[in-house]
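Worksheet: the structure to be examined is printed underneath.
The values are calculated or read from the model by the stated rules, or taken from the named source; none is laboratory data. Computed from a prediction, not measured in an experiment: that's the story for all the values here. Backbone-built Cβ (ideal geometry, glycine too); neighbour counts: all protein chains shown. Accessible surface is based on the protein model in full, side chains and every heavy atom, while ligands, DNA and RNA are left aside. Shrake-Rupley method; radii C 1.70, N 1.55, O 1.52, S 1.80 Å.
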Amino acid sequence: PVWIERPRSTARFYPREAFMQGVEGQVVLDCMVEADGRLNCSVASETPPDRGFGAAALAIAAAHVMQPALRDGAPVRARYRMIVPFSTSG
């Protein structure tokens, strides 16, 4: 992917309670890259569940803008799968 905007640090999105307890996780997002490059995502999987990682990953995705796919030279919606790891070691 070609990123137009990305957050400088994703650490601020880490679920506070999970971080304080040393819990790490991973989220898989199914996204549509809109014609304007914004991501519209849903959580496909979240490990471990119910620790806030899904909501955090959605917030991270919302802070991204991607170069959209092109069809006949015009931007179009396209699917993108984003894997968002959460690690206490940075």
Single residue of segment 12-55 satisfying the filter (in contact with a Phe, Trp or Tyr (Cβ under 7 Å, 6 or more places away or on another chain) and among the acidic types (Asp, Glu)) that is least open to solvent (accessible area, probe 1.4 Å): 46
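Are any of the residues in segment 35-46 more than 16 Å from the chain's Cα centre (by Cα) and in contact (Cβ under 8 Å) with a residue 24 or more places away in the chain? I'd like the intermediate steps shown before the answer.
The first filter runs over segment 35-46 and keeps only residues more than 16 Å from the chain's Cα centre (by Cα), leaving 35-36.
Retained after the next criterion (residues that are in contact (Cβ under 8 Å) with a residue 24 or more places away in the chain): 35-36.
Looking for residues that are more than 16 Å from the chain's Cα centre (by Cα) and in contact (Cβ under 8 Å) with a residue 24 or more places away in the chain, one finds at least one in segment 35-46, hence yes.
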So residue 61, is it modelled with pLDDT of 95 or more, outside any strand (DSSP E or B) and in contact with a Gly (Cβ under 7 Å, 6 or more places away or on another chain): no
Residues of segment 49-79 that turn out to be in contact (Cβ under 8 Å) with a residue 40 or more places away in the chain and over 17 Å from residue 10 (Cβ atoms), as a count: 6
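Tally up the residues in segment 75-90 that are more than 16 Å from residue 28 (Cα to Cα) and either surrounded by 13 or more Cβ atoms within 10 Å (Cβ to Cβ) or out of contact with any Pro (no Cβ under 9 Å at 6 or more places or on another chain) (or both), please. Don't jump to the end; show me each part of the working.
Just the residues of segment 75-90 that are more than 16 Å from residue 28 (Cα to Cα), to begin with: 75-78, 88-90.
Keeping just the survivors that are either surrounded by 13 or more Cβ atoms within 10 Å (Cβ to Cβ) or out of contact with any Pro (no Cβ under 9 Å at 6 or more places or on another chain) (or both) gives 75, 77-78, 88-90.
Total satisfying the criteria: 6.
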